[in-house]
Amino acid sequence: MAAPFVHLDVRSYFSLKEGAFSPEDLARRAAELGMPAVALTDRDGLYGAARFVRACERHGVRPILGASVTLGTCGDPTDPHVILLARDETGYANLCRLITDAHATGERGAPSLAPEQVLAHAAGLVALLGPDSPPGRLAISGRPEAALAALGPWREAFGERLHVAVQHRLEPGSREEIRALLRLAERAGVRAVATNPVRYLVPEDAFLADALACMRRLVPINERNVRRTNAEGWLKPAREMRWLFEERPDLAEATLDIAAACSFDLGLRRPRFPTFPTPPGRSASSVLAERCWRGLERRGVRITRAVRDRLDHELAMIHRLGYPAYFLTVAEIVDDIRAMGIACACRGSAAGSLVCYALGISDVDPIRHDLVFERFLNPLREELPDIDIDVESARREDVYDMVLARHGDERTACVAMVDTYRARSALREVGKALGLPEPEVDTIAKAFPRIGADDLGAAMERLPELAGENLRAPQLELLFRVAERLDGFPRHLALHPSGIVLADHDLVTRVPLERSSQGYRMVQADKDDVELLGYLKLDVLGVRMLSAMR
């Protein structure tokens, strides 16, 4: 068996229209290749971090979390960038802060950092300066003294955690690039490491990566616009990577040392619930119980044996699972919503909770209507409790603003939504990249129902309206084949229509934040990933009927 190797420069499809695979597929493929660990270093984001860690746990591969941060000004993948890997909790928190700063200082969709920002948050991070870093570009362009000077501040900030990354792309000039970078590393006293820019998992997917790159740049696929000269940007097995650098086996060994040093554990599903201020000497559980009994009295509920047993049962389970502060927080938010003169109501399984009824979160009596509490909260389920609040659609943004202001930018943010490709959007964007006439592609896209991209082939076989010869032309075969592969691929990040994260700490130490098009701070995680990260969320849904009733 070949000696192991760890890939440290890997971008998934969360590097929008650059990587051609999911974080889950990366973990699976790394396990198939027998790799002990693998890094995920998407461009300016940790969007796939939670699901990547979960997949690695399933497949027995150790995840390394990192990002490729842009140091340019226009947000293009050709801008200079450096790879940062989290060694520990401090490093991961700094990585989240840097990505947040990149999205805050750069234009929307074009995050960027000044080198000084990175150097100021170097603690706990490993930095890889490759051929696309500022020092690397200077070395390759024949300016060794300038490269050495540019490397100086990085060496001072990162110390032994700084590495010069070399790549053997099997292209003309690759050996000269490697020699220039190795000379830079030797002169600076910095260890070098072997990497491969992984953008697809197998060589056969190189064309898919080309299509994505041209879709991103809004140019057709042709020799002039496709920048790669071969299909070497794949997740190569250890034996191939070691063969590429057989003259310098220490470069491959360095990947193992870096992987061993990166010991950060994201701690999936570890609860990170919001705190609630209580009087001295009082716990959140005792305050919750007191407010529930007062609430039932206020509502005029007759305290029967069934009511007492039900409330005691719910309070005991809420206490055991550690949720008292969450219920108290949501109750105060609902009180504030009503104090603003906004109609609201609780929807979903939370209406089966007597605690929610007593606190005024819900106006449905679960005893009277024989509703089951365990449908909402059950210790045998992994899902966290999710309280959904309906508000007047015309006032939903007022509610957002109130919640965010009440709990602070540090502990509260909106949930993101990953907008993925569907059949129509995939056909239109791929057709444009293939250079097909836009009216023809639009006609084809409109012929399909609103289905997932992976259902294209099945729909053509199943639906009679798609059986015409106009969809069977040979030149359309490639269009359908590429479009089908885009199923589940993210198109962009948007604001979730209702979700708000409530945390007990500064969110930016655990998940990067960026601004939505509406100007709201949102976490780089969708609703499922928010739950994986251990956060509780409150869904505030705008309902037009409540506005009409108002």
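In the context of the full set of protein chains, segment 334-444 has a per residue accessible area of 44 Å² (1.4 Å probe). Here residue 517 sits with roughly 90 square angstrom of accessible surface, probe radius 1.4 Å. Shown for segment 505-550: the carbon plus sulfur share of the solvent-accessible area, taken with all protein chains present and a 1.4 angstrom probe, equals 51%. Note that segment 106-150 presents 42 Å² accessible area per residue, ligands and nucleic acids not counted, probe 1.4 Å. Relative to the longest principal axis of the Cα atoms of the chain, the long axis of helix 144-158 lies at roughly 30 degrees. Here the mean projected area of the convex hull built on the C-alpha positions of the chain is 30.1 nm². Rounded to the nearest 10 degrees, the inclination of helix 249-261 to the longest alpha-carbon principal axis of the chain is 10 degrees. For residue 400, the solvent-accessible surface with a 1.4 Å probe is about 10 Å², rounded to the nearest 10. Of 214, 346, the residue with the largest accessible area leads and the full order is 346, 214 (1.4 Å probe). In segment 120-269, the portion of solvent-accessible area held by carbon and sulfur atoms comes to 51 percent [1.4 Å probe, whole percent, DNA, RNA and ligands not counted]. Which Cα, out of 350, 165, 499, lies furthest along the positive dipole direction of the chain (beta carbon charges, K/R +1, D/E -1)? Farthest towards the positive end: 350.
Quick check for me: using +1 on Lys/Arg Cβ and -1 on Asp/Glu Cβ, what's the dipole size of segment 204-341 about its Cα centre, in debye to the nearest 20? Provide the component values of the computation, followed by the final result.
On the way: 23 positive and 20 negative charges, 224 e Å.
My answer is approximately 1080 debye.
In segment 6-112, a dipole from Cβ-located charges (positive for Lys and Arg, negative for Asp and Glu) runs towards its positive end, and of 27, 103, 60 it is 60 whose Cα lies farthest in that direction.
Dipole check for the chain: with +1 at the C-beta of Lys and Arg, -1 at the C-beta of Asp and Glu, and the Cα centre as origin, the magnitude is about 600 Debye. The Cα center of segment 133-157 and the Cα center of segment 281-305 differ in position by 66 Å.
Summarising the amide proton neighbourhood of residue 12: residues at separation of 5 or more, or on other chains, whose placed amide H is nearer than 5 Å comprise 41, 42.
Among the GluC sites (Glu not before Pro) in segment 85-186, which ones are in a DSSP loop with at most 14 other Cβ atoms within 10 Å of the Cβ? Mind listing them?
On the way: sites: 89, 107, 116, 145, 156, 160, 176, 177, 186; in loops: none.
For GluC sites (Glu not before Pro) across segment 85-186 that sit outside H, G, I, E and B with at most 14 neighbouring Cβ atoms in 10 Å, the list is empty.
Once divided by 2.2 N^0.38 Å, the Cα radius of gyration of segment 46-102 becomes 1.26.
Mind checking segment 344-415 for trypsin sites (Lys or Arg not before Pro) that DSSP puts in a loop (not H, G, I, E or B) and that have at most 16 other Cβ atoms within 10 Å?
Working: sites: 347, 368, 375, 381, 395, 396, 406, 411; in loops: 368, 381.
Qualifying residues, ordered by number: 368, 381.
Note on segment 167-298: Cα-only Rg and Dmax are 27.1, 81 Å.
Summary of the geometry: segment 24-66 and segment 487-521, compared by the centres of their Cα atoms, lie 21 Å apart.
With a cap of 10 neighbouring Cβ atoms within 10 Å, and only residues DSSP puts in a loop, list the trypsin sites (Lys or Arg not before Pro) found in segment 487-529.
Details: sites: 491, 510, 515, 521, 527; in loops: 510.
Answer by residue number: there is no such site.
DSSP bridge analysis restricted to the chain gives an antiparallel fraction near 55%, rounded to the nearest 5.
Taking the Cα atoms of segment 182-255, the ratio Rg/Rh between the radius of gyration and the Kirkwood radius comes to 1.10.
Using the Cβ atoms and a cut-off under 14 Å, what net charge is assigned to the surroundings of residue 402, where Lys and Arg are +1 and Asp and Glu are -1? Can you show the working numbers first?
Numbers: positive: 338, 395, 396, 406; negative: 332, 335, 336, 392, 397, 398, 401, 409.
Net of charged neighbours comes to -4.
The angle between the Cα long axis of helix 23-32 and the main principal axis of the chain comes to about 60°, on a 0 to 90 degree scale.
Here's how it looks for residue 71: its modeled amide H is under 5 Å from those of 81, 82, 113, which are all 5 or more places away or on a different chain.
The values are calculated or read from the model by the stated rules, or taken from the named source; none is laboratory data. Here the structure is a predicted model, which means the values were calculated and not measured. Quick reminder, even Gly has a Cβ in these numbers, built from the backbone with ideal geometry, and neighbours come from all protein chains shown. All accessible areas refer to the heavy atoms of the entire protein, side chains included, with ligands and DNA or RNA removed. Shrake-Rupley method; radii C 1.70, N 1.55, O 1.52, S 1.80 Å.
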